[in-house]
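Participant: Let me begin by handing over the structure; questions about it come next.
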Amino acid sequence: MITVLVAVFSFVGFIVAYHTYGRWLARRIFGLDADAVVPSQQLRDDVDFVPTKKEVIFGHHFTSIAGTGPIVGPAIAVFWGWLPALLWVVLGSIFIGAVHDFGALVVSLRNRGQTIGEVAGRLISPRARLMFLIILALALTVVLAIFGLVIATIFKIYPQSVLSVWVEIPIAVAVGLWVYRKGGGLLLPSLAALALLYLAVYVGVYYLPISLPVSNPVVVWTLILMTYCYVASVLPVWTLLQPRDFINSHQLIVALALLVGGLLIAGLTGKADLLASAPAIAPKGPIGAPPIMPFLFITIACGAISGFHCLVSSGTSSKQVASETDAQYVGYGAMLLEGALAVIVILACCAGVGMGVPAVSGGAEMVTGLEAWHTKYDPEGSWAGFGLGQKVGAFVEGGANFVGSLGIAKEMAVGIIAVLVASFAATTLDTATRLQRYVIQELTGTLKITPLTNKYAATGLAVALGAAMAMVPGPKGIGTGGLILWPLFGATNQLLAGLAFMVIVFYLWRRNLPIWFAAVPMIVMLVMPAWALSWQLFNGNSGWLAAEQRNYLLGLIGIGNLGLQIWMMVEGLLLWRRARGVLEEGLPPLPERVSKLKTAAEGTGA
C-alpha cells in the first residue's frame, strides 16, 4: 500500500504546486501578458521561429527536457535508498526545477528568443556572455555523448525497441507535412501515428528485433545516431522536431497511464511492496561509490533540476510559444510532469524490481523482494562494475513488471518501456544538437570565426564533438564510459542551472522584483556542483587527477568548469550593488526586413 500512497501524494503535490506556487510566479512575479508580442510572431521565419499551439509546444518541450535524464538519474541514485531520491525529486522539481525552467523561458521570451547565454551578456557583462557560451558548449557536448550512449545501449540490450524508434521518423515527417503544408488537422494524424508506433512495437517484439552483427554495437549505433542528429537538426522545426515530439508526448501519456495503472493494481494487491523491496536509506553504497552529499543533487538532475532545461526553454521553446501566458503551462507544468515521471522511475527501480527479476541475466529462475533489488544494486559490489545498461535495465524491468500487472505479456511490456526510454532520449538528442548549433554559431560569431557561423558547419562540429566524447573508454573499452560520463554530465549540468538562476536573479534585481525564490536555489546549484566537481577531481581513491591512472580529459573539463564558474560569480558580485533598479541595455532595432514583415502582419490582422 505504501507504493500507492507515495505515488498519489507525490502527484497531488505536483498538481497543487502548479495551481498555487506556479500561478503566483506567473501573475505576481513575472506578470505574464496575453497581449505581449512574443518572438515567434515578431521574428517568424517558419524555420526556427514558428507560433505554435501550447499543446504542441508542451509536447516538444516536455519530451526534449525529459529524455532519459529523469530515468537514468533516479535509476542510479536509488542505491542510496529510495527516500532521499524521492524527497529531492518532489521538492526539487516544485521549488527549484520548475522555477528555473519557467524563469528561463520568460526571460528569453522578453529578449526576442535569445538563449540564456546571450541574455547574460546584457544582464551581467559581455565577459559573462562569453563564459556562459563556453559552459553551454561543454554541457551540450556531454549531453550529446551521454544520451547517444543511452540510446545505443538500449538498442544493444533491447533489439525489439529498434524498429519502432526508427519508424517514428518518417511518420513524424508525414504528420509535419500534412499539418504545415496541407493545412490538415492535427488530432487524427497524431492518433494514427500513435497507433502505428505501437504496431511497430508489437512487430519489433515478436517478429523483427534488430541487432547489429558487430563486436561493439554500441559504438556503431552511436555513430549512426550522430549522423541522424546532423540531418534532423538542420531541418525546419515543423518537419521533424515538432511532430516527433508531439507523437512522443502522446506515447508518454499512454506509457504513463499503463505504468500508473499497473502500479496501482500491483500496490493495492500487495505484489509491489516498496518497504520490502528496497531500503529507504541504504547504509552504504557499492565499493568506490561517491558519497550521497553532494552527489545525490547532481546524479538526479532532470527529475528535479537540470541546467539543460534552460537551453530548451531559451533555445527552442521560446521561439515557438504563441502567447506569453502559455509560459506557465509549458515551462512550469512540463517540469512537474517530469518530476512525476521520476517518481515512477524510483518506484519501478525499487518496488517494481522487487516484484521479480531473473536471478541471472537471461536465466529462467526468478527472485523477488530485496534479493531482486540486490541483483541490480549489489551493496557488496564495486561501483566501477556498475553499468549504464544495468541501471537503465532496472527501470525497464521494474516498469515492465508494473505494466504486466494489467495483463500485458511480459515481453510486450518490456518492449513498450524500452521504446519509451529510447524515443525520449532520441528527442533530447535532436534538440540538444540544434541547441549546440545555436551556441556554436553565437560563440564563433563572438570570436570572429566566420566559417563556423554557418549552420551546416556548426552542426557538423556539434556532432563531431558529441561523438568524440561518447567514445571515452569505460571499464570495458570504447563506448562503455556512460557511468564515467554521467557524474560529469550531472556536475556540468547543475553548474549550468546555477548560472541560469544567476541570469534570472539579475533580470528580477534590475526590475526591483523579489528575488528570494530564485536566489536560494541559485546558491544551492552553485555550491553542490562545485563541491561534487572538486571531489571528482581530487578524491584520493578515484579522483580524475588524483588516482594512479589519471583521466586528463575529464580532469581538464572539470577544472575548466570550476574556473568558469568562479569567474562568472566574480562578474556577478562586481556588478551586484550598482545593478539594482537599473535596466540593462536595450535590444538593438529589428532589421528593416523584419520590421516591414511585422508591419505588414499587423496591417492584415495576422
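The values are calculated or read from the model by the stated rules, or taken from the named source; none is laboratory data. Since we're looking at a predicted model, the values are computed, not measured. So basically every Cβ, Gly included, is an ideal-geometry build from the backbone, and we count neighbours across all protein chains shown.
Participant: Determine whether the range 563-585 contains at least one residue that is of a type outside the set (Asp, Glu), touching a Pro at 6+ places or on another chain (Cβ under 7 Å), assigned to a helix (DSSP H, G or I) and buried (at least 18 other Cβ atoms within 10 Å of the Cβ). Before the answer, list the steps.
Facilitator: Within the range 563-585, the subset of a type outside the set (Asp, Glu) is 563-570, 572-583.
From what is left, the residues that are touching a Pro at 6+ places or on another chain (Cβ under 7 Å) are none.
No, the range 563-585 contains no residue that is of a type outside the set (Asp, Glu), touching a Pro at 6+ places or on another chain (Cβ under 7 Å), assigned to a helix (DSSP H, G or I) and buried (at least 18 other Cβ atoms within 10 Å of the Cβ).
Participant: Kindly indicate which of Ile247, Ile224, Ile154, Ile210 is part of a helix (DSSP H, G or I), on the phi < 0 side of the Ramachandran plot and either among the basic types (Lys, Arg) or surrounded by fewer than 23 Cβ atoms within 10 Å (Cβ to Cβ) (or both).
Facilitator: When all the criteria are applied, what remains is Ile224.
Participant: Still on this model: Limited to the range 289-318, what total is found for residues that are under 13 Å from Thr68 (Cα atoms) and of a type in the set (S, T, N, Q)?
Facilitator: Result for the range 289-318: 2.
Participant: Mind counting the residues in the range 268-281 that are crowded, with 20+ Cβ neighbours inside 10 Å and touching a Phe, Trp or Tyr at 6+ places or on another chain (Cβ under 9 Å)?
Facilitator: Going through the range 268-281 one residue at a time, the tally reaches 4.
Participant: For the range 268-317, which positions are β-branched (Val, Ile, Thr) and either within 18 Å of Val72 (Cα to Cα) or not in a helix (DSSP H, G or I) (or both)?
Facilitator: Applying the first criterion (β-branched (Val, Ile, Thr)) to the range 268-317 yields 269, 281, 287, 292, 298-300, 305, 312, 316.
Correct list: Thr269, Ile281, Ile287, Ile292, Ile298, Thr299, Ile300, Ile305, Thr316.
Participant: I've got another one for you. Run down Gln328, Gln320 and say which single residue is of a type outside the set (Ser, Thr, Tyr) and in contact with a strand residue (DSSP E or B) (Cβ under 7 Å, 6 or more places away or on another chain).
Facilitator: Just a single option satisfies the conditions, and that option is Gln320.
Participant: Of all residues in the range 8-38, count the ones that are modelled with pLDDT under 95 and buried (at least 19 other Cβ atoms within 10 Å of the Cβ).
Facilitator: Qualifying residue count for the region: 1.
Participant: Counting residues that are under 30 Å from Pro588 (Cβ atoms) and touching a residue at least 24 places away in the same chain (Cβ under 8 Å), which helices (runs of 4 or more DSSP H) fully inside the range 1-84 reach at least 3?
Facilitator: Counting at least 3 such residues, we get 39-42, 54-66.
Participant: Here's something else I'd like to know. Just one of Gly288, Gly303, Gly315 is more than 20 Å from the chain's Cα centre (by Cα) and not polar (S, T, N, Q); which is it?
Facilitator: Gly288
Participant: If you don't mind, another one. Of all residues in the range 365-403 being within 27 Å of the chain's Cα centre (by Cα) and surrounded by fewer than 24 Cβ atoms within 10 Å (Cβ to Cβ), which is modelled with the highest pLDDT? Even if it seems obvious, please write down each step before you answer.
Facilitator: Kept after step one, since they are within 27 Å of the chain's Cα centre (by Cα), are these residues of the range 365-403: 373, 376-377, 383-403.
Filter once more, keeping what is surrounded by fewer than 24 Cβ atoms within 10 Å (Cβ to Cβ): 376, 383-387, 389-390.
Working: Lys376: 81, Trp383: 66, Ala384: 60, Gly385: 60, Phe386: 63, Gly387: 65, Gly389: 69, Gln390: 73.
The residue in question is Lys376.
Participant: I'm told Val214 meets every condition in (1) among the aliphatic types (A, V, I, L, M); (2) over 19 Å from Ala172 (Cα atoms); (3) touching a residue at least 40 places away in the same chain (Cβ under 8 Å) except one. Can you identify the failing condition by its number?
Facilitator: Result: Val214 fails condition (3) only.
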